Amino acid sequence: LHTWSLSVEWQFYLLYPLVLMVIYHLLPRAALPWILLACSVAAFVFALFASFKWPTAGYFLLPARAWEMMLGGVAFLFPIQIKSRQQNVLVYTGLLMIGTAAVCFTPQLAWPGYAALLPVIGTYLIIIANPSQNLLLNQNIIQALGRWSYSIYLWHWPLVVLGYKLVNEKIISYNFPIIGVFFAVVLGWLSYLF
């Protein structure tokens, strides 16, 4: 699962710039944002269809997952001027949406169908808010976790697998997730640092 996730991201980040360059050179510059928006919507519609018709392919293959990453480009290409008071509303709404998805979603939920809108739109709201004065997100520890987040992400799944193995083989009997999170952060920080 971990290497699959990384491979989907690699595919996206290798293909996405190439596609953008082709569009940029073949069509008027003003068309690029609208084409990206249309492709994002089309990919989301495909994800809806695939998550019910071909759930395994919909979950694992790039075409059904690309819209989640393309929305960041939509946020960039359609900048919105937001007042500082509205920034906080968008940030906390986005965090609430992401938190709700993290707490309430179950493995039985079709993914990446309509439910993926909740965390993805939540992230989009935080991106467009571009919060420079947010009391929660501008804390040093939150900023540091953000910088280390990809390194933490790279470590978390191998630690989850190790934890399950240690618990299943009765090598350890305590709650591994708390220790796993700690080690993921420490190893992520070290990876980022070095």
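Listed values, structure above:
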read-out: From ILE152, ILE141, residue being part of a helix (DSSP H, G or I), farther than 27 Å from TRP10 by Cα and either open to solvent by 50 Å² or more (accessible area, probe 1.4 Å) or at pLDDT 85 or above (or both); value: ILE141
read-out: Contacts under 6 angstrom Cβ, first residue in the range 1-13 being within 15 Å of ALA57 (Cα to Cα) and at pLDDT below 80, partner open to solvent by less than 40 Å² (accessible area, probe 1.4 Å) and part of a helix (DSSP H, G or I), 6 or more apart; value: none
read-out: Helices (runs of 4 or more DSSP H) completely within the range 9-125 that count 3 or more residues being open to solvent by 60 Å² or more (accessible area, probe 1.4 Å) and among the hydrophobic types (A, V, I, L, M, F, W, C); value: 31-53, 84-104
read-out: Verdict on SER84 being modelled with pLDDT of 90 or more, within 21 Å of LEU125 (Cα to Cα) and hydroxyl-bearing (Ser, Thr, Tyr); value: no
read-out: Condition met for TRP34 (without any contact (Cβ under 8 Å) to a residue 40 or more places away in the chain and within 16 Å of the chain's Cα centre (by Cα)); value: no
read-out: Test: residue in the range 140-151 that is among the hydrophobic types (A, V, I, L, M, F, W, C) and closer than 20 Å to THR3 by Cβ; value: no
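The values are calculated or read from the model by the stated rules, or taken from the named source; none is laboratory data. Nothing here was measured: the structure is a model prediction, and the numbers come from that model. FYI the Cβ positions are ideal-geometry reconstructions off the backbone, even for glycines, and counts take in every protein chain you see. Surface areas here come from the heavy atoms of the whole protein model, side chains and all, with no ligands, DNA or RNA. Shrake-Rupley method; radii C 1.70, N 1.55, O 1.52, S 1.80 Å.
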